1. Restricted to region A:105-128, and to residues that are more than 8 Å from every other protein chain (Cβ to nearest Cβ) and in a loop (DSSP other than H, G, I, E, B), which residue is nearest to residue B:47 (Cα to Cα)?
2. Being assigned to a helix (DSSP H, G or I) and surrounded by fewer than 24 Cβ atoms within 10 Å (Cβ to Cβ) is the filter here; which residues of region B:39-60 pass it?
3. What are the residues in region B:272-294 that are in a loop (DSSP other than H, G, I, E, B), surrounded by 20 or more Cβ atoms within 10 Å (Cβ to Cβ) and within 12 Å of the ligand (Cβ to nearest atom), if any?
4. Give me the residue from region B:295-309 that is within 15 Å of the ligand (Cβ to nearest atom) and under 16 Å from the mean Cα position of the chain (by Cα) and, out of that set, surrounded by the fewest Cβ atoms within 10 Å (Cβ to Cβ).
5. Which condition from (1) within 11 Å of the ligand (Cβ to nearest atom); (2) under 30 Å from residue B:117 (Cβ atoms); (3) part of a helix (DSSP H, G or I) is the one that residue B:234 breaks?
6. Of all residues in region B:237-271, which are in a loop (DSSP other than H, G, I, E, B), more than 9 Å from the ligand (Cβ to nearest atom), within 14 Å of chain A (Cβ to nearest Cβ) and under 31 Å from the mean Cα position of the chain (by Cα)?
7. Spot the failing condition for residue B:286; the list is (1) within 11 Å of chain A (Cβ to nearest Cβ); (2) over 17 Å from residue B:65 (Cβ atoms), and only one is missed.
8. Considering region B:207-224 alone, what residues qualify as being at pLDDT 90 or above and either within 16 Å of the ligand (Cβ to nearest atom) or surrounded by 22 or more Cβ atoms within 10 Å (Cβ to Cβ) (or both)?
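The values are calculated or read from the model by the stated rules, or taken from the named source; none is laboratory data. As the structure is a prediction and not an experimental result, all values here were calculated from the model. Cβ sites come from the backbone with ideal geometry, for glycine too, and all protein chains shown count toward neighbours.
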Ligand code: SF4
């Protein structure tokens, strides 16, 4: 489709620059929802190219897979969630120190702790 | 300690991690255009809440709205909605029928008196006492009044329930009316569309459950976050509109070049919905992307607006007044990015909790 996404990508980059400056100065983060913007796959690809890749890449599998990477600009993260059928569910730029989704969640930690403890208890009860 | 009856506990028992819920909430928060830190609050609210009892009533409708919700594309993430609500009554989906179904509805109403949400799809026949649409010997009108009396809130799903829809089109032989014309004393949300976007339904219900309140609504009681922008505002063909480049038939050179469909009857400039960004079938496409103008299906009386293939500027409504429309080719370049920037600024300048 003959549609040049460049002007939108440029305006988006300016906005990201402003938000990143805010993060550097105040620690305040932000998120930009890319699927809510009329830039389409070509625009998102152009933006991804301009931002580049940085030092961290992560994959997670929770209710479908996710791809997360820090862009070439520290503090600017690209977070892409897929559903189980591998279709894109959300795509966001997060301006933060680390995306929350990467952190172990307290509720999951509590369940994991009791699961591990229960597993160990069962193991020690086994006849030698 | 987690309440064993909470959604959080239910999800944990089903092996759904909090991280998966957070991921779902991220999507919902984006759909509802909530501030950046809200995904965490939404996940927290959902985890603490009890499943919302929902009684779903189907009146003069085609089942497209139910199809839309149940076939929402993303089996893992989107189906979480069915962990958030307890669908206590739904004529089309439930196994029971006839008297047994009626008993199920009355039992669900009694068990959750004052706490259940009524979802309606379809318009309500009111002519001659509503006899043109009945169920188990009761008119839709009777069933709606009876069920809504003890409801917490009512959600009209689809353009028929929200605005009367196709049954309400001239000459409206059944006296079809929207739910809002009948239920005037309950909080009411309209989620129009023919059918509505499944994400709009899921996000609205999740918001209600998580925050215990109704999202901000526009003058037609539609959630502002989902119906705040026109299709035209978000249309990827907009740069052609701005430059005055219009397809004049469905197979001319302009159509092949992807130019604006305004002159082929596109109602995007006066239609408020999220199709241009969320798209259909899991984000694959939407009518304009497939080469057809927007029909305006989420607006009142879209069926009677003078013809799907007539340009807005030549349309007349049933009363003969010209439909308000943007002037052809009259918008300066750069309007899209300005709008996008405004909207993004609203969304983005919020704190995240790292
Ligand atoms: S008139 Fe229709 S096709 Fe043209 S830009 Fe507006 S919404 Fe898109």
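1. Restricting to residues being more than 8 Å from every other protein chain (Cβ to nearest Cβ) and in a loop (DSSP other than H, G, I, E, B), the top hit is A:126.
2. The first filter runs over region B:39-60 and keeps only residues assigned to a helix (DSSP H, G or I), leaving B:39-48.
Correct list: B:40, B:41, B:44, B:45, B:47, B:48.
3. B:273, B:286, B:293, B:294
4. Step by step, filter region B:295-309, then rank; the result is B:295.
5. With (1) within 11 Å of the ligand (Cβ to nearest atom); (2) under 30 Å from residue B:117 (Cβ atoms); (3) part of a helix (DSSP H, G or I) applied to residue B:234, the lone miss is (3).
6. Listed by number, the list holds a single entry, B:258.
7. With (1) within 11 Å of chain A (Cβ to nearest Cβ); (2) over 17 Å from residue B:65 (Cβ atoms) applied to residue B:286, the lone miss is (1).
8. Correct list: B:222, B:223.
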